[in-house]
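One structure is given here, and the rest of the page talks about it.
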Amino acid sequence: MNNKAFYLETFGCQMNIVDSEQIVDLLQNIGYSQVDSAERADLILLNTCSVRDKAERKVYGHLGRFKPIKDQRPELIIGVGGCVAQQEGERMLENVAYLDLVFGTHNIHQLPQLIRQIEEKRERSSATDFLDRETRLNLFPERTFRETVTRFVTVMQGCDNFCSYCIVPHVRGREISRPSSEVIDEVTELVKQGAREITLLGQNVNSYGLKDAAELSFAELLKKVNAIEGLERLRFATSHPKDLTDELIACFGSLDKLCHHIHLPFQSGSDRILKMMNRGYSVSEYLDKVARLKKICPEIRLTTDIIVGFPQENEEDFQATLDLVEEVRYADAFTFLYSPRIETAAAKMEDDQSKMEKQQRFDRLLQLQRRVSAEIWQEDAGCVLPVLVEGVSKQGEGQLFGRSTWNRIVNFSGATGLIGQTVPVKVSQVMRNSHLGELVEL
Ligand code: 5AD
Ligand code: SF4
């Protein structure tokens, strides 16, 4: 057994966060313990994201911080995993002389073996091959105990949608769903360990099980998970509007544990741009689904993702995006400036819009969304909301934090014994990203 320390930094989405949990488990199994400073580590790993911005360049820049440590301690092992590693592959070893290891999105399970090899032979290595369906499905190790109230459970991996701007299908591979029995077992186990809220995770959970006629639909899976005793709250992410079925919409009216929130990215309010994005729905189809969600669950709140500055997106297209934001009234939106990603179809599209125009539109969208968000969250002022308490807040001594059904953080004073319970909290102050509240004594 080793008696060594590792330092891990994670970038990007919830997928990467779950992958990092797996990395931690695997490394602990081979005798590494986690530390929170790179200076004290024998092994440094970056779990990277390439979905937006100049991700590759940023990773290279980030790695530069570790060079002085490696110069002082040449036995230090430095590795890069995740989507940038998948995309760049062996090239990263050529570009960064002090990098020892590159591992892709399908190769996490190989980490113990790769690290042992480097320890023994001091040979640099990279593993970025995509694995076939069967091999990948058998890779999920048992989840180790973590004392957290909320846990994520992967139901599917990869994506087959090939939205024209998106790198994900290229770096995460084809879509596969985990057998529903495995998902249910895992949720049952996590609830036994103390989890109260589960988020089912996938790039597009709505297409769960569609490749296998014998498998449950995602709505059927939700119903089964909803029935697990001891579970209090259920969420899922992310939903692709084109695959949001009536059966799934109906779950918001019938499943008592399903939170009244859905993240439903629309990306653009212009049919012309949606087509160029290869999104597979029109604005009216999207709005129709939103209307049905609101009808079945009037208190539902939506969040979304929006891309500004897609190639050839003009003022009229952009105005349609603003109109959609006004119409749907999202509680929150993640807004992104389009950034061309290597290998994607959109990266080859001509663009006639200036950078300055794009930036100005982005700022206008942000302003509008801030106003809408503020109006919606202000509705909570003075209300008593059920809050599932997740832990001790960073706000100060004696402060706890939890979330409302709408996934809004609520900070309030209370005893740590409340962690894991759902308690009534009266919202006293609405901040930009969270609420301040007071515990209502029963
Ligand atoms: N440029 C800008 N935003 C992007 N996203 C994905 N790819 C790109 C890109 N190339 C955004 C989408 C997606 C979210 C996770 O990231 O809005 O829903
Ligand atoms: Fe990317 Fe589209 Fe797949 Fe989402 S659905 S991961 S945006 S390709």
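The values are calculated or read from the model by the stated rules, or taken from the named source; none is laboratory data. Only a predicted model underlies this, so the values are computations on that prediction, with no experimental measurement involved. Glycine gets a Cβ as well: all are built from the backbone with ideal geometry, and neighbour counts include every protein chain shown. Surface areas here come from the heavy atoms of the whole protein model, side chains and all, with no ligands, DNA or RNA. Shrake-Rupley method; radii C 1.70, N 1.55, O 1.52, S 1.80 Å.
Convert 37 °C to kelvin, take the viscosity as 0.692 mPa s, use the Kirkwood radius over C-alpha pairs of the chain as Rh, and evaluate the Stokes-Einstein diffusion coefficient in µm²/s, rounded to a whole number.
In µm²/s, the coefficient is 140.
Kindly provide the trypsin sites (Lys or Arg not before Pro) of segment 358-442 that DSSP labels as loop, not H, G, I, E or B, and whose Cβ sees at most 14 other Cβ atoms within 10 Å.
On the way: sites: Lys358, Arg361, Arg364, Arg370, Arg371, Lys394, Arg403, Arg408, Lys426, Arg432; in loops: Lys394, Arg408, Arg432.
Taking segment 358-442 and a limit of 14 other Cβ atoms within 10 Å, the loop trypsin sites (Lys or Arg not before Pro) found are Lys394, Arg432.
From the phi angles alone, apply the Karplus equation (6.51, -1.76, 1.60; θ = phi - 60°) to segment 157-168 and give each ³J(HN,Hα) in whole Hz, x where the residue is Gly or Pro.
Values per residue, Gly and Pro as x: 10, x, 7, 10, 7, 6, 4, 5, 8, 9, 7, 3 Hz.
Quick one: compute the contact order of segment 224-301, relative version, from alpha carbon pairs under 8 angstrom and 6+ residues apart, as a percent.
Rounded, it is 35 percent for segment 224-301.
Counting GluC sites (Glu not before Pro) as exposed when in a DSSP loop with at most 15 other beta carbons within 10 Å, what is the longest stretch of the chain free of them?
148-228
Starting at the first residue of segment 240-252, write each ³J(HN,Hα) from the Karplus equation 6.51 cos²θ - 1.76 cosθ + 1.60 with θ = phi - 60°, in whole Hz, x for Gly and Pro.
9, x, 5, 9, 7, 8, 4, 4, 6, 4, 4, 4, 5
Using modelled amide H (1.01 Å from N, peptide plane; none on Pro or chain starts), what sits under 5 Å from the amide H of Gly269, excluding residues fewer than 5 places away?
Those qualifying (amide H under 5 Å, at least 5 residues apart or on another chain) are Thr321.
For the chain, what does the helix formula give at 222 nm: sum of -39500 (n - 2.57) over DSSP H segments with n ≥ 4, over the residue count, nearest 500 deg cm²/dmol?
About -10500 deg cm²/dmol.
Determine the percent antiparallel among the DSSP beta bridges restricted to the chain, to the nearest 5.
That works out to approximately 30 percent antiparallel.
If I take every Cα pair under 8 Å that is 6 or more residues apart in segment 134-270, average their sequence separation and divide by the length, what percent do I get for the relative contact order?
RCO, segment 134-270: 23 percent.
Semi-axes of the equivalent ellipsoid of segment 6-98: what are they in whole Å, largest first, if each equals the square root of 5 times a C-alpha gyration tensor eigenvalue?
They are 20, 18, 11 Å, listed from largest to smallest.
Please give the net charge around Thr199, taking every other residue with its beta carbon less than 10 angstrom from that of Thr199, where Lys and Arg add +1 and Asp and Glu add -1.
Result for the local shell: +2.
What relative contact order, as a whole-number percentage, does the chain give when Cα pairs under 8 Å and 6 or more residues apart are counted?
Here the relative contact order equals 9 percent.
Can you give me the Cα centroid spacing of segment 188-241 and segment 275-305 in angstrom?
A separation of 20 Å, based on Cα centres.
Could you give the size of the charge dipole of segment 246-389 about its Cα centre, using +1 on the Cβ of each K and R and -1 on the Cβ of each D and E, expressed in debye and rounded to the nearest 20?
260 debye
If I measure Cβ to Cβ between cysteines in the chain, which ones have no partner under 4.7 Å?
Cys with no partner Cβ under 4.7 Å: Cys13, Cys49, Cys83, Cys159, Cys251, Cys259, Cys297, Cys383.
From the Cα gyration tensor of segment 180-233, with a ≥ b ≥ c the square roots of its eigenvalues, which class applies: rounded if a/c is under 1.5, or else prolate if a/b is larger than b/c, or else oblate? Can you show the working numbers first?
Numbers: a/c = 2.27, a/b = 1.92, b/c = 1.18.
Since a/c reaches 1.5 and a/b is larger than b/c, the shape of segment 180-233 is classed as prolate.
Positive end of the charge dipole of the chain (Lys, Arg +1 and Asp, Glu -1 on Cβ, about the Cα centre): tell me which of Pro265, Ser393, Gly309 has its Cα farthest that way.
Selected residue: Ser393.
Would you grab the residues whose amide H sits under 5 Å from the one on His435? Only those 5+ places off in sequence or on another chain, please, with H modelled 1.01 Å from N.
Residues meeting the criterion, in which the H sits 1.01 Å from N, are Ile409, Val410, Asn411.
Select from segment 1-103 those trypsin sites (Lys or Arg not before Pro) which occupy a DSSP coil region and have at most 11 other Cβ atoms within 10 Å, ordered by residue number.
Listed in order of number, the matching sites are Lys54, Arg65.
With θ set to phi - 60°, apply the Karplus curve 6.51 cos²θ - 1.76 cosθ + 1.60 along segment 364-369 and write out the HN-Hα couplings as whole Hz, x wherever there is a Gly or Pro.
So the J values, rounded to whole Hz, are 5, 4, 4, 4, 4, 4.
How large, in percent, is the carbon and sulfur part of the accessible surface of segment 116-253 at a probe radius of 1.4 Å?
Numbers: 2890 of 5960 Å².
That share works out to 48 percent.
Label segment 372-442 by shape, choosing from rounded, prolate and oblate, from the square roots a ≥ b ≥ c of the eigenvalues of the Cα gyration tensor; if a/c is under 1.5 it is rounded, and otherwise prolate applies when a/b is larger than b/c, oblate when it is not.
Prolate shape, in that a/c is at least 1.5 and a/b is the bigger ratio.
Would you grab the residues whose amide H sits under 5 Å from the one on Gly173? Only those 5+ places off in sequence or on another chain, please, with H modelled 1.01 Å from N.
Residues meeting the amide H criterion: Cys159.
In µm²/s, what is D for segment 119-265 at 4 °C and 1.567 mPa s, where D = kT/(6 pi eta Rh) by Stokes-Einstein and Rh is the Kirkwood radius from Cα pairs?
Value of D from the Cα-based Kirkwood radius: 78 µm²/s.
Tally Lys and Arg at +1 and Asp and Glu at -1 over the other residues with C-beta under 12 Å from the C-beta of Ile307: what net charge comes out?
+2
Express in % the proportion of alpha carbon pairs of segment 189-297 at distances exceeding 22 Å.
More than 22 Å apart: 36 percent of the Cα pairs in segment 189-297.
Give me the net charge for the shell around Cys297: Cβ to Cβ below 14 angstrom, other residues only, Lys and Arg +1, Asp and Glu -1.
Details: positive: Arg235, Lys257, Lys289, Arg292, Lys294, Lys295, Arg301; negative: Asp246, Asp256, Glu299.
Net of charged neighbours comes to +4.
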